[in-house]
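Visitor: Attaching a single structure in structure tokens format; questions to follow.
The values are calculated or read from the model by the stated rules, or taken from the named source; none is laboratory data. Please read these numbers as outputs of a predicted model, since none were measured by experiment. Here Cβ is always computed from backbone atoms with ideal geometry, including for glycine, and neighbour counts include all displayed protein chains. SASA here: full protein model, heavy atoms, side chains in, ligands and nucleic acids out. Shrake-Rupley method; radii C 1.70, N 1.55, O 1.52, S 1.80 Å.
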Amino acid sequence: MEQVVKYFETIPSLHRSLILVGGITFFWLLESAVPLFRFDQSTPGYRKARHAGINFFFTLTTIVVNFCLAFLLVKTSDWAVASRVGVLPWLNLPLWAEALVGLLLLDLIGAWLAHWTEHQVKWMWQFHSVHHSDQYVDTTTANRHHPGESVIRFVFTLVAVVVTGAPMWLVFMYQSLSVVLSQFNHANIELPRWADRLLGLVVVTPNMHHVHHHYVLPLSNTNYGNIFPYWDWIFGTFAREEGRRLVYGLDTHPDPHEHDHIGGILKVPFQQYRPPVGERDKKELVEE
């Protein structure tokens, strides 16, 4: 465990970049081989390279925002550790337990709570809706976040670090897992039921997270988890649905210019709030 801690204490920027690029590459190839939905050139409005290009643009803006604010993360973690603020210093756990409890708390506050709040607070939802507006969810969707949402998420991460009392090695470990698991659970694949049940005991699977990207309520207000599935179980926001019955996107943003043009997407958070249309009859969905 000490070697793991030492690695993440000094993880090179190149390695962090390789985690991001390597994850996208691996899941891109996997979903091309065994896709849940066969998005192809015959799908109206869909072009694989163009779709990926839009999402890579927002991946880049996320990287820029996090890079510019990174000094705040380091200062906050260093202060929390030096001041012995947060849950971990109080518990004084063995190193392996500190890592486990720390990851759970960082995921709860920095990911699940942030995500749930964005669905409850209208002005936050305006920014988060950019992520949900993708009608062709795949591994590149994982980093499709408006720059404004990247700032919101960063603030929640700072709060998570203070509450947890997390040292930087733990923060880097959390961020690395978060990147890979987000790419995994957005990937355009569907696990066999037995594999989903087994793996879903430990991490959020594509079968679980795809439900969250259904285009209407109530399913879009379920399955907020990023790394661990436990928070949705505990707080009653877990739901199951067959993958092929899902339709991605938003019922409030049917105009293609608002979800597949960078300029239009960037303007979405500053439009007037649009209340959700609501769940359609499942029979109607099947007939389509």
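Visitor: So, LEU60, is that one within 22 Å of PRO206 (Cα to Cα), outside any loop (DSSP other than H, G, I, E, B) and under 25 Å from the mean Cα position of the chain (by Cα) or not? Don't jump to the end; show me each part of the working.
Guide: Numbers: within 22 Å of PRO206 (Cα to Cα): no; outside any loop (DSSP other than H, G, I, E, B): yes; under 25 Å from the mean Cα position of the chain (by Cα): yes.
No; evaluated as a whole, the condition is false for this residue.
Visitor: Quick check on ARG244: is it of a type outside the set (S, T, N, Q) and farther than 26 Å from GLY102 by Cα? Write out each step before concluding.
Guide: Details: of a type outside the set (S, T, N, Q): yes; farther than 26 Å from GLY102 by Cα: yes.
Criteria met by ARG244.
Visitor: Pick out the one residue from LEU105, LEU100 that is farther than 26 Å from PRO276 by Cβ, out of contact with any Gly (no Cβ under 7 Å at 6 or more places or on another chain) and either part of a loop (DSSP other than H, G, I, E, B) or open to solvent by 50 Å² or more (accessible area, probe 1.4 Å) (or both).
Guide: On the way: LEU105 fails: either part of a loop (DSSP other than H, G, I, E, B) or open to solvent by 50 Å² or more (accessible area, probe 1.4 Å) (or both).
After applying the criteria, what remains is LEU100.
Visitor: Here is a further query. Just give me the residues in segment 44-67 being over 30 Å from MET173 (Cα atoms) and either basic (Lys, Arg) or exposed (fewer than 14 other Cβ atoms within 10 Å of the Cβ) (or both), in sequence order.
Guide: We begin by selecting, within segment 44-67, every residue over 30 Å from MET173 (Cα atoms); these are 44-50.
Selection gives PRO44, GLY45, ARG47, LYS48, ALA49, ARG50.
Visitor: Against the condition within 21 Å of the chain's Cα centre (by Cα), closer than 27 Å to GLN175 by Cα and assigned to a helix (DSSP H, G or I), how does LEU14 come out, does it pass?
Guide: No.
Visitor: Of everything in segment 108-136 that's touching a Lys or Arg at 6+ places or on another chain (Cβ under 9 Å) and not in a helix (DSSP H, G or I), which residue is most open to solvent (accessible area, probe 1.4 Å)?
Guide: Per the stated criteria, the residue is TYR136.
Visitor: Scan segment 68-96 for residues that are more than 25 Å from PHE154 (Cα to Cα) and either surrounded by 11 or more Cβ atoms within 10 Å (Cβ to Cβ) or touching a residue at least 40 places away in the same chain (Cβ under 8 Å) (or both) and report the count. First the steps, then the outcome.
Guide: Our first condition is that a residue be more than 25 Å from PHE154 (Cα to Cα); within segment 68-96, this holds for 91-96.
Checking which are either surrounded by 11 or more Cβ atoms within 10 Å (Cβ to Cβ) or touching a residue at least 40 places away in the same chain (Cβ under 8 Å) (or both) leaves us with 91, 93, 95-96.
Qualifying residue count, segment 68-96: 4.
Visitor: Here is a list of conditions, (1) touching a residue at least 60 places away in the same chain (Cβ under 8 Å); (2) over 16 Å from LEU20 (Cβ atoms), and SER176 meets all of them except one; can you say which number that is?
Guide: Among (1) touching a residue at least 60 places away in the same chain (Cβ under 8 Å); (2) over 16 Å from LEU20 (Cβ atoms), SER176 violates only (2).
Visitor: Can you tell me how many residues in segment 155-196 are among the hydroxyl-bearing types (Ser, Thr, Tyr) and over 30 Å from ARG38 (Cβ atoms)? Explain how you work it out, then say what you get.
Guide: Going through segment 155-196, the residues among the hydroxyl-bearing types (Ser, Thr, Tyr) turn out to be 157, 164, 174, 176, 178, 182.
Restricting the remaining residues to those that are over 30 Å from ARG38 (Cβ atoms) gives 157, 164, 174, 176.
Result for segment 155-196: 4.
Visitor: Could you grab me the full set of residues in segment 163-221 that are small (Gly, Ala, Ser) and over 27 Å from THR252 (Cα atoms)? Break it down stepwise before answering.
Guide: Here is the first cut: in segment 163-221, the ones small (Gly, Ala, Ser) are 165-166, 176, 178, 182, 187, 195, 200, 220.
Matches in segment 163-221: GLY165, ALA166, SER176, SER178, ALA195, GLY200.
Visitor: Is it the case that segment 27-39 has a residue that's outside any loop (DSSP other than H, G, I, E, B), touching a residue at least 40 places away in the same chain (Cβ under 8 Å) and more than 28 Å from GLU258 (Cβ to Cβ)? Walk me through it before giving the result.
Guide: Taking segment 27-39 first, the residues outside any loop (DSSP other than H, G, I, E, B) are 27-33.
Now restrict to residues that are touching a residue at least 40 places away in the same chain (Cβ under 8 Å): 27-28, 30-31.
Next, from what is left, pick out any that are more than 28 Å from GLU258 (Cβ to Cβ): 30.
Looking through segment 27-39, at least one residue is outside any loop (DSSP other than H, G, I, E, B), touching a residue at least 40 places away in the same chain (Cβ under 8 Å) and more than 28 Å from GLU258 (Cβ to Cβ).
Visitor: Of all residues being of a type in the set (Phe, Trp, Tyr) and at pLDDT 95 or above in segment 1-60, which is farthest from THR141 (Cα to Cα)? Just the residue, please.
Guide: Going residue by residue through segment 1-60, those that are of a type in the set (Phe, Trp, Tyr) are 7-8, 26-28, 37, 39, 46, 56-58.
Next, from what is left, pick out any that are at pLDDT 95 or above: 26-27, 56-58.
Values: PHE26: 14, PHE27: 12, PHE56: 9, PHE57: 11, PHE58: 9 Å.
The extreme case among them is PHE26.
Visitor: Can you tell me how many residues in segment 261-288 are at pLDDT below 90 and in a helix (DSSP H, G or I)?
Guide: Qualifying residue count, segment 261-288: 6.
Visitor: From the set of residues in segment 137-152 that are of a type in the set (A, V, I, L, M) and assigned to a helix (DSSP H, G or I), which is nearest to ILE24 (Cα to Cα)?
Guide: ALA142
Visitor: A further question follows. Of the conditions (1) over 20 Å from SER17 (Cα atoms); (2) touching a residue at least 60 places away in the same chain (Cβ under 8 Å), VAL171 satisfies every one except a single condition; which number is it?
Guide: Of (1) over 20 Å from SER17 (Cα atoms); (2) touching a residue at least 60 places away in the same chain (Cβ under 8 Å), only one is false for VAL171: (1).
Visitor: Quick one: count up the residues across segment 66-85 that are farther than 16 Å from SER13 by Cβ and either in contact with a Cys (Cβ under 9 Å, 6 or more places away or on another chain) or in a helix (DSSP H, G or I) (or both). Steps first, please.
Guide: Kept after step one, since they are farther than 16 Å from SER13 by Cβ, are these residues of segment 66-85: 72, 75-85.
Imposing the further condition that a residue be either in contact with a Cys (Cβ under 9 Å, 6 or more places away or on another chain) or in a helix (DSSP H, G or I) (or both) reduces the set to 72, 75-83.
Summing the residues that are farther than 16 Å from SER13 by Cβ and either in contact with a Cys (Cβ under 9 Å, 6 or more places away or on another chain) or in a helix (DSSP H, G or I) (or both) in segment 66-85 gives 10.
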